[in-house]
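A.B. asks: The following block contains the structure, expressed as structure tokens.
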């Protein structure tokens, strides 16, 4: 796998610009949802789901970024890491998973 660490860092910095605002907005939406569950619109529900995905994506990116610090980078700021792939079981319909 080849991962552009400079691009990953840039994306994380971009996400960090609104992390606090996003968390506060999600907390406020959660309180409103609990107080008035019948008043939530489809748009609000969709927005909340998007914010949750963004939050989870940021956590995954942070973990990946911290893990990649251990690896040397190429001249174009990429980390190249060898990964083996294998089938886990039949229920995954032939998909491969990194080991």
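A.B. asks: Quick one: length gained pulling residue 34 to residue 66 fully straight, 0.36 nm per residue minus the C-alpha distance?
C.D. replies: Working: separation 32, 0.36 × 32 = 11.52 nm, distance 3.54 nm.
Difference between extended and current length: 8.0 nm.
A.B. asks: Quick one: grab the alpha carbon gyration tensor of the chain, order the square roots of its eigenvalues as a ≥ b ≥ c, and give me rounded if a/c is under 1.5, else prolate or oblate depending on whether a/b is larger than b/c.
C.D. replies: Verdict is oblate for the chain.
A.B. asks: Would you mind classifying the range 1-45 by shape? Square roots of the alpha carbon gyration tensor eigenvalues, ordered a ≥ b ≥ c; an a/c under 1.5 is rounded, otherwise it is prolate if a/b is larger than b/c and oblate if not.
C.D. replies: Values: a/c = 4.68, a/b = 2.77, b/c = 1.69.
The shape class here is prolate.
A.B. asks: So what's the back-of-envelope 222 nm ellipticity for the chain, counting only DSSP H runs of four-plus at -39500 (n - 2.57) apiece and dividing by all residues, rounded to 500? Each step should come with its number before you reach the end.
C.D. replies: Values: 3 runs with 56 residues, N = 99.
Only helices count here, giving -19500 deg cm²/dmol.
A.B. asks: Report, in degrees rounded to the nearest 10, the 0 to 90 angle that the Cα long axis of helix 42-68 makes with the longest principal axis of the chain.
C.D. replies: Value to nearest ten degrees: 30.
A.B. asks: Helix 5-16 against the longest principal axis of the chain: what's the angle in degrees, Cα atoms only, rounded to the nearest 10?
C.D. replies: Once rounded, the angle reads 10 degrees.
Every number here is computed from the coordinates shown, using simple stated rules; none is lab data. Note that the structure is a prediction, hence the values are computed from the model and not measured.
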